[in-house]
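The values are calculated or read from the model by the stated rules, or taken from the named source; none is laboratory data. The structure displayed is predicted, hence computed values, not measured ones. Reconstructed Cβ throughout: ideal geometry from the backbone, glycine too, with neighbour counts over all protein chains shown. These accessible areas exclude ligands, DNA and RNA; they are computed on the full protein's heavy atoms, side chains included. Shrake-Rupley method; radii C 1.70, N 1.55, O 1.52, S 1.80 Å.
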Amino acid sequence: DDDASAEALAPDAAAGGTADAAPERWYGEVAMLGDALSRDIEGVTRRHAARLRADRLLPNLGALPEAQVRDHTGTIVCEVAHLLVAIGETAGRAPELLRDGSEILRLVAELHGAQRHRLGWSEPHFAHEAELLCEEVVGTLRHAAAEGTPDGRALAHATVLVRRLLEQARQTSIRGLHIAQVVAAT
């Protein structure tokens, strides 16, 4: 499964399968966007936590300490940023980096699912949380692109990658939720 995750991040797959979907000149910009995301992890997680707390669809967040609300999110965003940089710097041709990054993301997402299970969350809660996180990450990339990338296609490519990564994390978090439910029932 991790090889499949790495393949999904390959240049052609991420941009929809066209052979010239991510020309070499875009890769430097994708790496730059990953660097920008890396520099704003604190801001992304802070804004995301504020949105989670303000959202009435998400249960049991009001009395939690900030560290618990933001638990795992910073690591997930950090790994997404790292994968963007790795793809950008290697033109997507370093499968070992992609596999390692995908494995780290998988492990953290499973732990996140178990943690959210303890808060009484269900699958729709994960979908909503993932949507809010994706909005924050993509917003950070858009801001960085507006300040430094001349070609909007690099942003589009990075956005596709981010959406894929966060969707994989959401699915894995749900798997972690189910595992935690089974363990709690025994």
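Observations on the structure shown:
- Relative to the longest principal axis of the Cα atoms of the chain, the long axis of helix 123-148 lies at roughly 30 degrees.
- Taken over region 95-186, the percentage of Cα pairs per 5 Å bin, counting from 0 up to the bin with the maximum distance, is 3, 14, 20, 19, 16, 13, 8, 4, 2, 1, 0, 0.
- D151/I179 FRET efficiency (R0 41 Å; Cβ-Cβ; nearest 0.05): 0.45
- Computed over region 112-157, the alpha-carbon pair-distance distribution with 10 angstrom bins reads 25, 34, 21, 18, 2, each value a whole percent.
- Listed values (1) 164; (2) 176; (3) 105, entry calculated as volume of the Cα convex hull per residue in Å³: (3)
- Segment L107-L61, length gained on full extension (0.36 nm per residue, minus Cα span): 14.3 nm
- Solvent-accessible area of region 31-117 (1.4 angstrom probe, protein heavy atoms only): carbon and sulfur portion equals 55 percent.
- Helix-only mean residue ellipticity at 222 nm for the chain, each DSSP H run of n ≥ 4 adding -39500 (n - 2.57), per residue, nearest 500: -26500 deg cm²/dmol
- Angle in degrees between helix 73-90 and the longest Cα principal axis of the chain, rounded to the nearest 10: 20 degrees
- Subtracting the Cα-Cα distance of H143 and E131 from their residue separation scaled by 0.36 nm leaves 2.5 nm.
- Dipole in debye (nearest 20) - the chain, about Cα centre, beta carbon charges: Lys, Arg +1; Asp, Glu -1: 700 debye
- Summing +1 for each Lys or Arg and -1 for each Asp or Glu among the other residues whose beta-carbon sits under 13 angstrom from that of I179 gives +3.
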